[in-house]
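Have a look at the structure below, then the notes.
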Amino acid sequence: MKTVNKNMPMVITVIASFCGFTLAQDNIKSLLSPGVIFETLALNKDLETPAKPKYLSPTDLVPSPDKTKLYVAEQTSKTIAVVNLTDKSVEKRFQMPNEPSGIAVSKDGAKLYVTITSERWPEGYVCVVDASSGKIEKRIKVGHSPRCPVLSPNGERLYVCNQYNDDISVVNIASGKEDKKIKVVREPYSARVTSDEKILVVANSLPLCNSTDTAEAHCKISLVDLNDNSKTVHLGLTQGSHSVFGMAITPDGKYALITHLVAMFNLPATQITGGWVHTNNLCIVDIENKKLVNDISVDHYDKIGMSNPWGVECTEDGKYCVIAHAGANMLSIVDLPQMIKLADVQEWLAHKINLLYPSTIRNRVPVVGLNPRVVAIINNKAYTAGYFTNTIEEFDINLQTSKSTATISLAPEQTFTTERKGEYHFYNGDEYHCQGAWQSCHSCHPFTRPDALDWMLAAGVTMQKNAKSMLHCPYTPPMNWAAKRNDYRESIRYGILQELGMEPQDSIETPIGEFFKRLKALPSPYLVKGRLTENAKKGRDIYYSDKTDCKGCHPAPLFTNLQMHTSIVPDQWDGSPNFDTPTIIESWRTGPWDHIGTTTDYETLLKNRLHSNCAKKLTDDEFKALMEYSLSL
Amino acid sequence: MSILVNTCRKRKIVFGILFSFFSLVSAGEVKRADFFDASDNHLMFITFAEDGNSYEVFMSDSTFVRKVALVKKDGKNEKAVSYNFNEDTSFVTTFSYNSTNTEMSVRDEFRNDQLGGKVNFKEAGDSYEVSQSGNVFNKMNYEKNGSGDYNRINVTDNSGKLQYYVKLGTTGIARLKSVLKNGNAAVLHSKGPNCFELKLRLQESAHINCDIFSLSGRNVAKLFSKDVAAGSSREMVRVANGDVANGVYLLSLAINGKKVLNEKVLIQGVKGGF
């Protein structure tokens with residue numbers, strides 16, 4: 001003890017000198033002025049101001065194993081709400097370090113596994129959260145934009161969809177590390193694992209093919225064999241399928257039910273009703289035999305659609321499945337055995353739009369909350385939450401239910417800013433936004449980006465053209481490939497009139513425009529820790545050098561010169577061979593490329609002599625560096 | 001007891017190193033600010049690289065490290081150009097903070113305001129009341145430690161409930177800077193592998209020695225030794241092949257025989273040894 005005492009003065013001296021030297025700061029307020037603090041918090045979307053309220057945006061609902069609580073992932077407020085179902089109130093709220101995109105609960109209910117990501121920090125991770133205290137015990141690094149965490153039945157592994165890495169992370173719970181990655185097709189959005197943990201069913205939300213190969217233009221469901229990857233199969237859905245979002249496995253483990261849209265892109269979009277442009281579908285996959293049972297339309301009948309089916313769940317007894325129609329603001333309560341019986345026929349039912357018309361099979365229930373994207377089922381009750389409202393609604397599951405039996409308030413309702421209004425109108429496909437509630441803006445432009453299909457629009461746009469991204473569209477006039485619309489306002493107006501069949505109104509058009517103005521590019525998965533790699537930096541030097549002519553047509557900061565240029569693939573059906581030059585920001589996610597989507601291979605696109613002569617002047621390494629830079633934007 | 005004695009000896013050495021390191025770090029330099037929410041979740045940290053009237057701000061959530069702003073000070077005005085993503089795909093936002101009328105305006109070339117308009121800061125001592133369109137939405141106060149030095153910034157809502165707090169630190173990824181007590185200044189920038197730029201500002205001409213020491217304190221290489229005139233000057237310091245083996249060393253600078261800078265540097269890719 002004497003020795004310790006002898007050293008005490010030394011320790012005190014050191015601490016004193018440390019404090020004295022490091023924190024006697026004259027310039028602290030200058031360096032960390034309120035401006036810098038608030039700017040940083042605003043950049044991280046943490047700051048709430050009167051003009052920029054922080055919305056909740058419930059995006060996932062997961063029941064606790066004891067069925068007394070619901071965990072709600074409130075995406076934009078970066079919180080997890082714990083809802084007590086006994087007294088129907090918010091019991092606790094856990095702050096997350098970033099936006100939660102999905103929740104899984106351990107079997108004993110002690111831990112939550114929350115996927116965390118945001119457009120600022122897309123290199124995401126899984127937070128292991130103590131379910132009672134909300135303390136974050138561990139952070140496990142996974143991939144780009146992780147979502148839909150799925151626990152294995154024995155609780156030893158967690159499967160996470162890395163949306164923009166096109167793969168699945170397999171996380172070892174005990175070691176708290178990612179064991180491996182499993183490659184799937186494109187933008188996996190949801191997944192489920194079978195009870196014997198042999199098969200992981202993955203919904204790839206976008207097609208991966210040339211848009212001009214119309215027979216191949218569809219999404220795939222990956223049935224990943226977790227024991228032997230060589231037995232993995234990728235089942236093709238109906239031609240034109242895309243936006244594959246929700247998934248449930250029937251309690252007997254036989255079938256996977258998967259929601260998606262089917263685009264009728266080969267027809268000119270001259271009418272909306274009757275599923276002429278989109279039908280809203282649910283496919284049934286026989287998991288054991290790795291085959292599609294059928295793909296059925298969940299629309300009502302030829303006059304009324306049920307736009308944007310999203311979340312889907314089954315009751316424990318297997319009697320019903322419940323589908324959330326985010327666009328139509330409805331729930332479908334469907335008699336599951338009857339639906340499977342109807343689907344188990346030779347005839348392909350994807351376009352048969354009155355299949356679920358009889359009220360003895362399906363009950364359509366309106367949801368008061370706006371844009372319900374998720375469903376949770378506890379016993380004979382279904383719960384859903386509107387993405388744009390701060391409430392959870394409870395429904396009895398039967399074919400007679402006509403309205404919600406209870407409403408749980410997550411927080412007082414908030415006033416919409418113009419931007420938020422625009423976002424709401426963009427995702428809404430109810431009968432006030434689309435004739436017959438068949439589709440929304442989000443149907444052709446999922447999350448404001450392209451659906452990877454060629455579309456034949458109504459009047460004046462002639463032949464099929466690849467769907468465009470809305471990113472930076474207010475700053476990149478003219479609109480569409482053939483420049484038939486002068487600016488984004490005109491495009492929105494025509495979209496509402498011709499693709500939604502509604503009378504354009506300034507109260508909808510202006511907010512959607514504001515929403516588009518505020519869209520931000522998502523950092524590319526080609527970046528490493530948000531930075532260009534050394535190779536991409538070399539590519540940047542080449543991009544701006546005289547060796548290539550990239551910067552002529554794609555100059556920074558918009559990476560387009562807003563001019564018309566001769567296309568790589570001339571289109572004989574158009575009056576002019578010239579097409580609008582697209583921005584190459586986010587080109588990593590907007591394939592297939594060019595105005596009719598003739599290529600999914602970026603190298604082919606850049607090397608096409610009608611596009612650029614750069615390949616001739618560059619070595620292979622220089623070309624690869626240039627390509628990496630371009631894909632990093 | 002012998003273990004305890006040994007432990008204390010080691011501590012003494014560690015404290016000795018710490019003492020010499022911190023005595024060389026300038027007074028008045030915050031290199032890192034860590035942002036936490038009210039639940040103590042670490043949100044991000046920002047670090048600074050200061051250079052005269054401007055400084056660069058880097059932001060990180062421990063996965064990304066991203067240059068988010070370049071702040072230029074002009075008397076009472078502070079203008080920050082913020083990069084929303086990275087410098088190659090960014091659409092910059094300009095934050096202007098006027099410390100005279102404590103007003104901050106936010107705009108970028110696409111009118112994409114982060115805070116939704118003009119924000120006012122009402123200053124009272126170490127506290128700020130932050131308002132927008134007449135509504136007070138946040139309060140902020142700089143907190144001092146027992147020695148009267150700032151070490152924490154609290155951001156609360158209007159009712160005083162803590163929303164976020166910022167902890168100030170002195171270690172980070174920022175460039176090294178040392179403002180010495182007698183008015184001299186020495187700054188060391190890494191300019192690439194085994195290459196450093198030494199910026200000097202001397203009050204009067206002096207003899208400068210630049211050496212490399214191993215972590216155990218052995219002088220392993222003499223880089224230069226020369227007289228430098230008063231005023232500002234720059235010296236490129238290169239570690240050539242054969243000077244030292246790969247590893248971490250202390251790069252030491254002495255003015256008139258007095259050691260003023262002792263920075264850890266990584267030397268890599270050089271052949272030979274000593």
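Are any residues in the stretch A:353-369 in contact (Cβ under 8 Å) with a residue 40 or more places away in the chain and surrounded by fewer than 17 Cβ atoms within 10 Å (Cβ to Cβ), and if so, which ones?
A:354, A:357, A:359
For the stretch A:436-450, state whether one or more residues are of a type outside the set (Lys, Arg), assigned to a strand (DSSP E or B) and without any contact (Cβ under 8 Å) to a residue 24 or more places away in the chain. Outline the logic, then answer.
Residues of the stretch A:436-450 that are of a type outside the set (Lys, Arg), as a first pass: A:436-448, A:450.
Then keep just the ones that are assigned to a strand (DSSP E or B); that gives none.
Looking for residues that are of a type outside the set (Lys, Arg), assigned to a strand (DSSP E or B) and without any contact (Cβ under 8 Å) to a residue 24 or more places away in the chain, one finds none in the stretch A:436-450, hence no.
If you check residue A:224 against the conditions, is it β-branched (Val, Ile, Thr) and surrounded by fewer than 21 Cβ atoms within 10 Å (Cβ to Cβ)?
No.
Check residue A:423 against each of (1) in contact with a strand residue (DSSP E or B) (Cβ under 9 Å, 6 or more places away or on another chain); (2) touching a residue at least 60 places away in the same chain (Cβ under 8 Å) and name the one condition it does not meet.
Answer for residue A:423: the failing condition is (1).
What is the number of the single condition among (1) crowded, with 21+ Cβ neighbours inside 10 Å; (2) at positive phi that residue A:274 does not meet?
(1)
Among what's in the stretch B:128-146 and is in contact with a Gly (Cβ under 8 Å, 6 or more places away or on another chain) and in a strand (DSSP E or B), pick the residue that is nearest to residue B:105 (Cα to Cα).
Going residue by residue through the stretch B:128-146, those that are in contact with a Gly (Cβ under 8 Å, 6 or more places away or on another chain) are B:132-133, B:139.
Subset that is in a strand (DSSP E or B): B:132, B:139.
Working: B:132: 11, B:139: 18 Å.
That would be B:132.
Could you list, in sequence order, the residues of the stretch A:439-449 that are within 17 Å of residue A:208 (Cα to Cα) and either modelled with pLDDT under 95 or touching a His at 6+ places or on another chain (Cβ under 9 Å) (or both)?
Scanning the stretch A:439-449 gives A:444, A:446.
Out of the stretch A:466-509, which residues are on the phi > 0 side of the Ramachandran plot and within 22 Å of the chain's Cα centre (by Cα)? Can you show your working first?
Initial filter on the stretch A:466-509 (on the phi > 0 side of the Ramachandran plot): A:472, A:480, A:483, A:501.
Once the filter is applied, which keeps residues that are on the phi > 0 side of the Ramachandran plot and within 22 Å of the chain's Cα centre (by Cα), the stretch A:466-509 yields only A:472.
Is it true that residue A:56 is touching a residue at least 60 places away in the same chain (Cβ under 8 Å) and assigned to a loop (DSSP other than H, G, I, E, B)?
Numbers: touching a residue at least 60 places away in the same chain (Cβ under 8 Å): yes; assigned to a loop (DSSP other than H, G, I, E, B): yes.
Considered against the rule, which asks whether it is touching a residue at least 60 places away in the same chain (Cβ under 8 Å) and assigned to a loop (DSSP other than H, G, I, E, B), residue A:56 comes out as yes.
Exactly one of these conditions fails for residue A:419: (1) under 22 Å from the mean Cα position of the chain (by Cα); (2) of a type outside the set (Lys, Arg); (3) closer than 30 Å to residue A:596 by Cβ; (4) surrounded by fewer than 21 Cβ atoms within 10 Å (Cβ to Cβ). Give me its number.
Unmet condition: (3).
Select the strands (runs of 3 or more DSSP E) contained entirely in the stretch A:140-219, then report the ones holding at least 2 residues which are touching a strand residue (DSSP E or B) at 6+ places or on another chain (Cβ under 7 Å), modelled with pLDDT under 95 and β-branched (Val, Ile, Thr).
On the way: elements: A:146-151, A:157-162, A:167-172, A:177-183, A:188-193, A:199-204.
Passing ranges: none, list empty.
Do we have residue A:61 as part of a strand (DSSP E or B), closer than 26 Å to residue A:94 by Cβ, among the hydrophobic types (A, V, I, L, M, F, W, C) and modelled with pLDDT of 80 or more here? First the steps, then the outcome.
Details: part of a strand (DSSP E or B): yes; closer than 26 Å to residue A:94 by Cβ: yes; among the hydrophobic types (A, V, I, L, M, F, W, C): yes; modelled with pLDDT of 80 or more: yes.
Considered against the rule, which asks whether it is part of a strand (DSSP E or B), closer than 26 Å to residue A:94 by Cβ, among the hydrophobic types (A, V, I, L, M, F, W, C) and modelled with pLDDT of 80 or more, residue A:61 comes out as yes.
Being of a type in the set (Gly, Ala, Ser) and either farther than 30 Å from residue A:519 by Cα or in contact with a Phe, Trp or Tyr (Cβ under 6 Å, 6 or more places away or on another chain) (or both) is the filter here, so list the residues in the stretch A:74-123 that pass it. Steps first, answer last, please.
Taking the stretch A:74-123 and keeping what is of a type in the set (Gly, Ala, Ser), we get A:77, A:81, A:89, A:101-102, A:104, A:106, A:109-110, A:118.
Selection gives A:89, A:104, A:106, A:109, A:110.
Name the one entry in A:78, A:52 that is of a type in the set (Lys, Arg), under 21 Å from residue A:523 (Cβ atoms) and within 14 Å of another protein chain (Cβ to nearest Cβ). Reasoning before the result, please.
Numbers: A:52 fails: under 21 Å from residue A:523 (Cβ atoms).
Of the residues listed, the single one that is of a type in the set (Lys, Arg), under 21 Å from residue A:523 (Cβ atoms) and within 14 Å of another protein chain (Cβ to nearest Cβ) is A:78.
Give the number of residues within the stretch A:75-91 that are closer than 17 Å to residue A:411 by Cβ and surrounded by 16 or more Cβ atoms within 10 Å (Cβ to Cβ). Break it down stepwise before answering.
Kept after step one, since they are closer than 17 Å to residue A:411 by Cβ, are these residues of the stretch A:75-91: A:75-84, A:87-91.
Add one more test, that the residue is surrounded by 16 or more Cβ atoms within 10 Å (Cβ to Cβ), and what stays is A:75-83, A:90.
Qualifying residue count, the stretch A:75-91: 10.
If you scan the stretch A:484-539, which residues turn out to be more than 14 Å from every other protein chain (Cβ to nearest Cβ) and part of a loop (DSSP other than H, G, I, E, B)?
A:484, A:486, A:487, A:500, A:501, A:502, A:503, A:504, A:505, listed by residue number.
Looking at the stretch B:43-66 only, could you name the residues that are closer than 14 Å to residue A:98 by Cα and either buried (at least 19 other Cβ atoms within 10 Å of the Cβ) or at pLDDT 80 or above (or both)?
Quick first cut of the stretch B:43-66, residues closer than 14 Å to residue A:98 by Cα only: B:43-45, B:60-64.
Matches in the stretch B:43-66: B:43, B:44, B:45, B:60, B:61, B:64.
For residues that are in contact with a Leu (Cβ under 9 Å, 6 or more places away or on another chain) and free of Cβ contacts under 8 Å to residues at least 40 places away in the same chain, scanning just the stretch A:98-130, find the one that is farthest from residue A:151 (Cα to Cα).
Out of the qualifying residues, it is A:98.
Starting from the stretch B:131-152, take each residue that is on the phi > 0 side of the Ramachandran plot and list its partners that are part of a loop (DSSP other than H, G, I, E, B), counting only C-beta distances under 6 angstrom and pairs at least six apart or across chains.
B:133/A:50
Could you tell me which residue of the stretch A:514-570 is surrounded by the fewest Cβ atoms within 10 Å (Cβ to Cβ), considering only residues that are farther than 20 Å from residue A:631 by Cβ and among the acidic types (Asp, Glu)?
Per the criteria, the residue is A:546.
The values are calculated or read from the model by the stated rules, or taken from the named source; none is laboratory data. What you see is a predicted model; the values in this text were computed from it and never measured. With ideal geometry, Cβ positions are generated from the backbone for all residues, glycine too; neighbour counts draw on all protein chains shown.
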